[in-house]
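The values are calculated or read from the model by the stated rules, or taken from the named source; none is laboratory data. Nothing here was measured: the structure is a model prediction, and the numbers come from that model. Neighbour counts are summed over all protein chains in view; Cβ atoms, including those assigned to glycine, are modelled from backbone coordinates with ideal geometry. To get the accessible areas, we keep the full protein, side chains included, count just its heavy atoms, and leave off ligands, DNA and RNA. Shrake-Rupley method; radii C 1.70, N 1.55, O 1.52, S 1.80 Å.
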There are 2 protein chains.
Amino acid sequence: MPRLLPGLNYPVLCGRERLAPLGELAPGGGICHFHEEDSTAMYRNFSIVPKIIFGRGSFNQLDDVLSSRRANSDSYIVFVMDDVFAGKPLEKRIPLHGKDFLLPVNVDDEPKTSYIDKLVAQIKAYAPQLPAGIIGIGGGAAMDIAKAVSLLLTNPGSSADYQGWDLITKPAIYHAAVPTLAGTGAEISRTCILTGPEKKLGINSDYTLFDQILFDPELLAGVPKDQWFYTGMDCYIHDVESLNGKFINAFSMAYGEKSQELCRQVFLEDHADAADRLMMASYFGGMSIAYSQVGACHALSYGLSYVLGIHHGIGCCIAFDYLDDFYPTGVAEFRKMMTRHGIQLPRNLTKNMDQQSLDKMVKTALNLDPLWANCLGPDWKNIMTPEKTLALYKRM
Amino acid sequence: MPRLLPGLNYPVLCGRERLAPLGELAPGGGICHFHEEDSTAMYRNFSIVPKIIFGRGSFNQLDDVLSSRRANSDSYIVFVMDDVFAGKPLEKRIPLHGKDFLLPVNVDDEPKTSYIDKLVAQIKAYAPQLPAGIIGIGGGAAMDIAKAVSLLLTNPGSSADYQGWDLITKPAIYHAAVPTLAGTGAEISRTCILTGPEKKLGINSDYTLFDQILFDPELLAGVPKDQWFYTGMDCYIHDVESLNGKFINAFSMAYGEKSQELCRQVFLEDHADAADRLMMASYFGGMSIAYSQVGACHALSYGLSYVLGIHHGIGCCIAFDYLDDFYPTGVAEFRKMMTRHGIQLPRNLTKNMDQQSLDKMVKTALNLDPLWANCLGPDWKNIMTPEKTLALYKRM
């Protein structure tokens with residue numbers, strides 16, 4: 001049983017990464033569970049993206065950041081760009097040189113392992129040598145594609161082979177994140193979530209982590225309001241789940257509380273630098289998960305995504321609106337945010353679903369042990385039964 | 001002149017590290033100034049310690065963390081330990097193996113370059129090959145010694161040769177921090193402050209940064225109350241100076257505000273996990289400086305240290321108590337904290353000083369351009385005259 005600290009109302013989190021990862025992980029990437037083998041507290045030795053630039057207009061420094069990567073005239077950089085920017089001003093600002101490869105990617109669907117494999121083959125066909133860097137420009141999906149491609153260029157086989165924990169054995173190609181959406185925490189997480197032939201599951205490893213983040217809040221301008229809101233709520237919900245979970249410690253609490261406060265400033269107040277604050281909220285939200293875990297909402301959202309193909313951010317919002325029993329304060333505040341921004345959630349999504357699909361959804365959600373353990377404690381299976389889960393889904 | 005953002009009340013910070021570092025740096029390590037060469041905003045690409053463990057009892061994992069560093073039977077680790085722990089339980093818990101070298105260091109005085117050179121010679125005499133790692137166990141001074149030693153084992157000459165910015169050319173020996181005091185931010189800064197023959201100035205470089213931090217809040221137990229308070233106030237004052245400075249941005253604000261809030265919880269409230277919160281406050285305080293800078297108090301404290309040999313934390317407290325005009329709210333709250341913990345500051349320190357020493361103190365403080373520019377803006381020299389500085393010192 002985990003060691004309990006006198007005077008503290010939380011159990012110590014175990015973090016030995018190779019001990020029994022119990023289920024799928026949230027985008028934040030924490031691998032969390034109780035260490036039952038002995039009475040010693042063990043904590044995860046977690047990795048952080050080691051270089052950060054933050055500032056309005058800092059996109060102009062991308063060329064400078066990459067210059068040290070260009071060893072010789074054959075060196076080339078691959079810019080993995082969300083194809084929403086094709087023909088837009090941002091595309092023209094990408095600092096292309098010599099043999100650089102601009103690779104627009106489509107994220108209408110969340111990234112599939114087959115798509116990653118195709119992109120990797122495309123890069124390998126492009127040049128005899130590996131690229132000097134992979135730069136992900138876009139939201140969570142584009143950043144996750146950049147991460148997966150950088151891993152699969154150096155690790156043989158299909159990306160589906162690496163869905164899980166610490167299956168990657170070779171360092172990735174240098175890879176950097178340029179987020180154009182804020183909230184997922186993908187810029188700081190050690191995972192990249194992929195939909196494979198058998199499961200929706202991330203490639204979780206220290207090698208997945210970016211080598212560099214460039215935060216330019218000006219890049220958030222122009223995002224459609226719905227997408228801005230849903231992606232931001234991914235972060236807000238991270239925070240609620242992390243702060244209300246059993247795994248919380250002072251590290252995750254400091255990041256989670258500040259992230260939540262920044263979300264309130266962005267979604268319930270007016271600030272000239274709201275975009276700057278949202279980028280910080282996203283980063284802090286991701287850091288909060290490092291020693292904690294998400295919970296019921298992310299688990300249920302994974303079911304919605306896997307079976308109905310619903311994108312992660314909106315899926316989280318759809319599920320969260322029915323979780324008053326789990327997160328009463330958080331859900332009430334979330335509804336205020338929705339009202340303030342005139343957001344209408346889709347309803348009755350499961351109305352015409354057959355029993356088999358509903359069962360698959362329930363199974364997907366309940367497979368995520370660490371998320372439920374964080375939300376409800378080690379006895380969660382006695383509380384969150386398949387019947388209760390099905391009833392929740394039927395209301396959505 | 002720097003680019004100004006419409007709607008924001010702060011100038012954009014310039015961060016090109018090699019452009020005109022104007023003066024000495026604070027422990028947080030930010031190199032900050034306005035970029036006057038063109039109108040483009042430039043931001044520092046700053047480095048972060050890439051691996052962190054946080055948790056009560058995590059000191060037990062140090063052996064595990066270091067195991068991958070021990071390549072063969074000749075590999076050895078140097079444990080730079082504050083000699084206050086000599087013969088204490090913590091010393092016995094240090095995971096010594098084979099040829100490991102336990103190196104107690106004395107920090108009655110703040111670290112001198114001559115002391116660093118002596119320690120480096122001692123390690124070189126100990127074994128024909130370089131150590132596999134340097135572990136700093138102690139407060140800011142012990143951690144700074146560990147950083148300096150790890151740099152000077154691979155860079156030739158005296159540590160005094162490297163006092164400044166980016167003078168280090170070779171990567172350091174792997175080095176890790178185990179703080180036993182919280183507040184300096186030394187665990188996360190890219191500098192190690194040394195008193196040299198000519199100046200008190202840090203070795204500022206990305207190589208200075210630790211490779212690993214192990215935060216075990218249990219290690220804060222047993223620190224004398226005065227030292228706990230003064231070191232914690234180093235952090236609180238960081239935060240006040242960063243948040244009230246001209247260089248502040250959303251990144252530094254998020255870290256600084258949360259750090260300040262955690263300081264309030266530690267010094268004005270009662271929490272069972274106060275040590276955990278103080279460690280987070282210190283880390284966040286250091287991160288806040290990354291894109292910001294300290295200010296008047298740290299500048300004045302450097303003068304007190306250089307001329308009177310006063311330690312950094314208490315020096316900050318002595319100076320801060322006379323800075324109502326600069327930081328009215330911060331100073332008022334600081335006094336509440338002092339009252340709550342029964343802290344009596346030393347007074348009349350400059351009463352019997354000769355004019356030459358006073359002038360040296362004034363010169364030391366006013367030499368720190370970036371700190372004053374952050375505090376008072378680019379025209380600071382018209383505001384903070386030598387006469388005004390002298391008058392402040394004379395009250396201390």
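Numbers for the structure displayed
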quantity	calculated
Every residue from region A:90-142 that is closer than 20 Å to A:V65 by Cα and polar (S, T, N, Q)	none
Unique residue being under 24 Å from A:A275 (Cα atoms), away from chain A (no Cβ under 11 Å) and among the polar types (S, T, N, Q) when the list is B:S301, B:S259, B:S288	B:S288
Those residues of region B:264-281 which are away from every other protein chain (no Cβ under 11 Å) and in contact (Cβ under 8 Å) with a residue 40 or more places away in the chain, in sequence order	B:R264, B:F267, B:L268
Condition check for A:D239: under 30 Å from B:D216 (Cα atoms), open to solvent by 10 Å² or more (accessible area, probe 1.4 Å) and acidic (D, E)	no
Any pair with Cβ under 8 angstrom, 6 or more apart, that starts in region B:237-251 at a residue that is assigned by TED's automatic domain parsing to the domain that holds B:I289 and within 18 Å of B:D321 (Cα to Cα) and ends at one that is at pLDDT below 95 and surrounded by fewer than 24 Cβ atoms within 10 Å (Cβ to Cβ)	B:S242/B:I248
Among residues of region B:149-201, those that are modelled with pLDDT of 95 or more, buried (at least 18 other Cβ atoms within 10 Å of the Cβ) and not in a loop (DSSP other than H, G, I, E, B), counted	12
Criterion violated by A:K99 - all others in (1) within 24 Å of A:L278 (Cα to Cα); (2) away from chain B (no Cβ under 14 Å); (3) of a type in the set (D, E, K, R) satisfied	(1)
Selection count where residues are of a type in the set (D, E, K, R) and either more than 16 Å from A:K99 (Cβ to Cβ) or crowded, with 24+ Cβ neighbours inside 10 Å (or both), scope region A:115-131	2
Options A:Y236, A:Y207; residue that is more than 9 Å from chain B (Cβ to nearest Cβ), more than 22 Å from A:G136 (Cβ to Cβ) and of a type outside the set (A, V, I, L, M, F, W, C)	A:Y236
Pairs where the first residue, in region B:319-340, is in the same structural domain as B:D234 (by TED's automatic domain parsing) and over 22 Å from B:Y302 (Cβ atoms) and the second is open to solvent by less than 10 Å² (accessible area, probe 1.4 Å) and outside any loop (DSSP other than H, G, I, E, B), C-beta under 7 Å, 6+ apart	B:M337/B:F267; B:R340/B:F267
Enumerated helices (runs of 4 or more DSSP H) restricted to region B:261-349, each holding at least 3 residues that are touching a His at 6+ places or on another chain (Cβ under 6 Å) and open to solvent by 10 Å² or more (accessible area, probe 1.4 Å)	none
A:D234 being surrounded by fewer than 21 Cβ atoms within 10 Å (Cβ to Cβ) and modelled with pLDDT of 95 or more	no
Scope region A:90-109; condition within 20 Å of A:A121 (Cβ to Cβ), part of a loop (DSSP other than H, G, I, E, B) and open to solvent by less than 50 Å² (accessible area, probe 1.4 Å); matching residues	A:D100, A:V107
Those residues of region B:53-63 which are surrounded by fewer than 18 Cβ atoms within 10 Å (Cβ to Cβ), on the phi < 0 side of the Ramachandran plot and within 8 Å of another protein chain (Cβ to nearest Cβ), in sequence order	B:N60
Condition broken by B:I134, with the remaining ones in (1) outside any helix (DSSP H, G or I); (2) over 29 Å from B:T231 (Cα atoms); (3) open to solvent by less than 60 Å² (accessible area, probe 1.4 Å) satisfied	(2)
Enumeration of residues in region A:40-63 that are assigned to a loop (DSSP other than H, G, I, E, B) and aromatic (F, W, Y)	A:Y43
Number of positions in region A:350-389 that are polar (S, T, N, Q), open to solvent by 60 Å² or more (accessible area, probe 1.4 Å) and under 30 Å from A:M253 (Cβ atoms)	2
Qualifying residue in region B:141-159 (condition: in contact with a strand residue (DSSP E or B) (Cβ under 6 Å, 6 or more places away or on another chain) and farther than 25 Å from B:A127 by Cβ)	no
Qualifying residue in region A:68-89 (condition: within 11 Å of another protein chain (Cβ to nearest Cβ), part of a helix (DSSP H, G or I) and of a type in the set (S, T, Y))	no
Qualifying residue in region A:203-220 (condition: outside any loop (DSSP other than H, G, I, E, B), farther than 30 Å from B:E261 by Cβ, of a type outside the set (D, E) and assigned by TED's automatic domain parsing to the domain that holds A:S158)	yes
B:I168 of a type in the set (V, I, T), farther than 29 Å from B:P95 by Cα and either touching a Gly at 6+ places or on another chain (Cβ under 6 Å) or assigned by TED's automatic domain parsing to the domain that holds B:Q129 (or both)	yes
Check on A:G87, over 30 Å from B:Y291 (Cβ atoms), touching a Ser or Thr at 6+ places or on another chain (Cβ under 7 Å), small (G, A, S) and surrounded by fewer than 20 Cβ atoms within 10 Å (Cβ to Cβ)	no
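Matching residues to (1) assigned by TED's automatic domain parsing to the domain that holds B:C317; (2) acidic (D, E); (3) free of Cβ contacts under 8 Å to residues at least 24 places away in the same chain; (4) within 29 Å of B:P370 (Cβ to Cβ):
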{"residue": "B:K92", "(1), (2), (3), (4)": "no, no, yes, no"}
{"residue": "B:V105", "(1), (2), (3), (4)": "no, no, no, no"}
{"residue": "B:I123", "(1), (2), (3), (4)": "no, no, no, no"}
{"residue": "B:G133", "(1), (2), (3), (4)": "no, no, no, no"}
{"residue": "B:I145", "(1), (2), (3), (4)": "no, no, no, yes"}
{"residue": "B:A148", "(1), (2), (3), (4)": "no, no, no, yes"}
{"residue": "B:Y162", "(1), (2), (3), (4)": "no, no, no, yes"}
{"residue": "B:P179", "(1), (2), (3), (4)": "no, no, no, yes"}
